[in-house]
Every structure is written in structure tokens, then in C-alpha cells.
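The values are calculated or read from the model by the stated rules, or taken from the named source; none is laboratory data. Keep in mind that what you see is a predicted model, and the values were worked out from it rather than measured. Cβ coordinates were reconstructed from backbone atoms using ideal geometry, including for glycine residues, and neighbour counts include every protein chain displayed.
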Amino acid sequence: MKVTSVVLTAMGLPRPYADSRPVEVMELDLSGPQAGELLVRVEASGLCHSDLSVVDGSRPRPLPMALGHEAAGIVEEIGAGVHDVAVGDRVVLVFVPSCGSCPECSSGQPALCRRGAASNTAGELLQGGRRLSRDGSPVHHHLGVSAFSSRVVVDRGSAVVVPSDVPGETAALFGCALLTGTGAVESTVQVRPGDSVVVVGLGGVGLSAVMGAALAGADPLVAVDPVEAKRALALSLGASHAVEPGSVDEVRDLTSGGARYVVEAVGHEQAMADAFAMTGRGGSTVLVGLPHPSRMLSVPAVQVVAEARKVLGSYMGSAAPQRDIPRLVRLWQDGRLPVERLTSAVLSLEDTPRALDDLAAGSAVRQLLLPRRD
Ligand SMILES: [Zn+2]
Ligand SMILES: [Zn+2]
């Protein structure tokens, strides 16, 4: 069938992308779902910093690639062997397909599925190969999802069924921003009432970490970002304080000498160094933002030892999506996780270049891209 997709054709072009046009909206051919796969009509997708990292070349991927990894939609067709999903179900798509049987999946770490990581790096679906093509030439999948499309074929392991009362535009944000941000504070580390927490970087993931930490009872809860509007949003989502980047001394004062947990959701060396410096004795620095592969992490080794510090990586919030997304949906239904407040704009697929520019400039939180209904 024919689908409309946003396809990345060149990495590392100069900004503004509205002029250099690294992405194009194209009509592609999509083959039907194979065994273990689903055809999903995309309702909404979210533009995430990890998409920008592929566009600017700091997260190299094979081209051409149909971009996007955060979405929700409606199941339209089911491949052989899938018995726990029905046509018409609403699904949240997640960016690591889990196979269920590799050593990591078997030990309860589906976010680290090694088969999923390998297929994502290759730009293929979990079972191998690509279902997208243009004029007979294959087009790669982004993280097993390729969310900026009218329809997608995904592995069953990339989809989580959610109740139909969650609007697609809200459900989309559960797949990356909310899962990653809340997971960092409840799965990678377990924030308890009264724990001091700092979140550095207030994009969709960082603000989700603020919401998750507030829900867990963090106090104080300090949010750090250069953009005033994002600091204000963090305060309204439960942060007790909001400061500009580099305010290490102020944060150490606010947290009685350093926080128990500091979540870094930027992916830059300076932000990581600040996050480490804001962490207290015995505390944990949780790294969520994706740095360029050439970057090295440098921390004072003596502090790690003598202050019993922990530096922890967190990928997809150390989450188990099939367990955690339905639970997060129930919190949303109770009004305790207002994820829709992360949406800063609702756009069409054709707006992607401009949306990438706004994301790079720091002015956007979560921009939703809606495909045209056919
Ligand atoms: Zn993402
Ligand atoms: Zn696995």
C-alpha cells in the first residue's frame, strides 16, 4: 500500500533545516505485516531530540530512513501468530522492540533487548528486513517505528495496547518522553518521599522526570533549563525551584549540599559535569540525554569512591513498556500525570523541517505531528 512518510535523505546538513531540507515528505510503498507484526494507522507522533540527533548526524543511522519513534495509532491488520492484539485496538509504539528471549529480556530488562538494539541500529524491524520502499529500493525504519508516517508496520514487541479513552495525541507521548522520564526516577533509581531531586534539561523527557519525581514525593525538586518558559512549566508540574544552567552552588544550597538524585536529560558534557557537581554524598547522577558517540565522560574519581557516588545510565527509563505504560495510563486517567501539558504545538508532517529548527533552538517542548486522514 501507499503511505506518506517523512524521510531523512542526508545527515549533518546545516541549519536552518527549513532551507537545507534534510527531510522530505514522500509517498512510500509499505508491505503488509509479516508473522508477528502489526499494521498501525498512526494518529499522532511526537518530535523528540533523538530525532534531531539523527538529522544532525550525532546519532548516525543508515539512509534513507523514515524518521520518528514516538507515536500512537490504531491497529488495522494483524500478522500471523499474534493473538493478544485486536483490529481496532489503540497502541502506543515504543522505540526498543523486545524479543522476550535474549539474555537481557530474560533478566527483566526489555529496554536493553540485544536483538532490538541490533535491528534498530540496522534500520530494520526486529525480525529482519524492511517493509518500506521507494521505487523498489528499501527505506530504513527508525527505531522499529518510523512514526512520522500515515501508516506503519511494526513488530508486536514495539506496541503496547492502551485503553481507547486515551486520545491518540496524548497516548503518543507515553512511548518515549513519559516512559523515559518517569522511568529514570522510578526504575533506574527509586525516588522516595522527601528525596532531593534535580532535573537538568527540560525537554519532553526532563519534564516527564519532573512529573514522575513530583508524583514520588521528591522534595526539594529543582528544575534546570536556560529557557524561562520551560522553567515556569516545570514549576507548574510540581518542581519546587527552577534555576538556570550552571547554578551549581545555588542547587547545592537548595539541596543541603547536593541532591540525592540528579537526572541529566541534555546529553552535553557541561550538563553532565554540572549534574555530577549537583549530586550529594552517596547520591546518584542519572544520565538520560544521549551524547555524541565521540564524547567521553570525565568525573573526579576520588569523589566517586570517597563519597560513595553512583553514575548511572538510563535508556528508555530502564522501563518494561508492557508493564509500565498501562500503569502510567492509569495515573493519567487519575489526573496525576498530565502528559498532554508537554505538547507545545500540533503540526502536520509537512511542517517537520520547521519543527526540527524550533526543537534545535530550544523553544519547543513536544511538537506533535499529525498525518492527514485518508
Ligand atoms: Zn525520543
Ligand atoms: Zn530481547
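Key figures for this structure:
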item	result
Residues of the range 123-136 that turn out to be touching a residue at least 24 places away in the same chain (Cβ under 8 Å), closer than 17 Å to LYS2 by Cβ and either not aliphatic (A, V, I, L, M) or not assigned by TED's automatic domain parsing to the domain that holds VAL94 (or both), as a count	3
Some residue of the range 91-102 being β-branched (Val, Ile, Thr), in contact with a Lys or Arg (Cβ under 7 Å, 6 or more places away or on another chain) and under 26 Å from SER318 (Cα atoms)	no
The one condition in (1) hydrophobic (A, V, I, L, M, F, W, C); (2) touching a residue at least 40 places away in the same chain (Cβ under 8 Å); (3) more than 21 Å from VAL365 (Cα to Cα) that ALA306 fails to fulfil	(2)
Per-region count, the range 161-187, residues in contact with a Gly (Cβ under 9 Å, 6 or more places away or on another chain) and either buried (at least 24 other Cβ atoms within 10 Å of the Cβ) or free of Cβ contacts under 8 Å to residues at least 12 places away in the same chain (or both)	14
Test: residue in the range 56-68 that is within 16 Å of ligand 2 (Cβ to nearest atom), within 16 Å of the chain's Cα centre (by Cα) and surrounded by fewer than 21 Cβ atoms within 10 Å (Cβ to Cβ)	no
Among residues of the range 121-144, those that are over 23 Å from GLY317 (Cα atoms), out of contact with any strand residue (DSSP E or B) (no Cβ under 8 Å at 6 or more places or on another chain) and within 16 Å of ligand 2 (Cβ to nearest atom), counted	1
Members of the range 232-257 found to be in contact (Cβ under 8 Å) with a residue 60 or more places away in the chain and either at positive phi or β-branched (Val, Ile, Thr) (or both), listed by number	SER256
Criterion: modelled with pLDDT of 95 or more, within 13 Å of ligand 2 (Cβ to nearest atom), assigned by TED's automatic domain parsing to the domain that holds ALA360 and buried (at least 23 other Cβ atoms within 10 Å of the Cβ) - qualifying residue of ALA111, ALA118, ALA72, ALA147	ALA111
All helices (runs of 4 or more DSSP H) inside the range 199-309 with 2 or more residues being under 19 Å from VAL339 (Cα atoms) and out of contact with any Lys or Arg (no Cβ under 8 Å at 6 or more places or on another chain)	204-216, 228-236
Selected residue (criterion: surrounded by the most Cβ atoms within 10 Å (Cβ to Cβ)) from residues of the range 354-368 that are hydrophobic (A, V, I, L, M, F, W, C) and out of contact with any Asp or Glu (no Cβ under 7 Å at 6 or more places or on another chain)	ALA355
Residue match in the range 70-85 (condition: touching a residue at least 12 places away in the same chain (Cβ under 8 Å), touching a helix residue (DSSP H, G or I) at 6+ places or on another chain (Cβ under 8 Å), within 16 Å of ligand 1 (Cβ to nearest atom) and hydrophobic (A, V, I, L, M, F, W, C))	yes
The range 93-108 - residue that is in contact (Cβ under 8 Å) with a residue 60 or more places away in the chain and under 17 Å from GLY36 (Cα atoms) and, of those, farthest from ligand 2 (Cβ to nearest atom)	LEU93
Considering residues of the range 281-317 that are among the β-branched types (Val, Ile, Thr) and closer than 23 Å to MET211 by Cα only, the residue surrounded by the most Cβ atoms within 10 Å (Cβ to Cβ)	VAL288
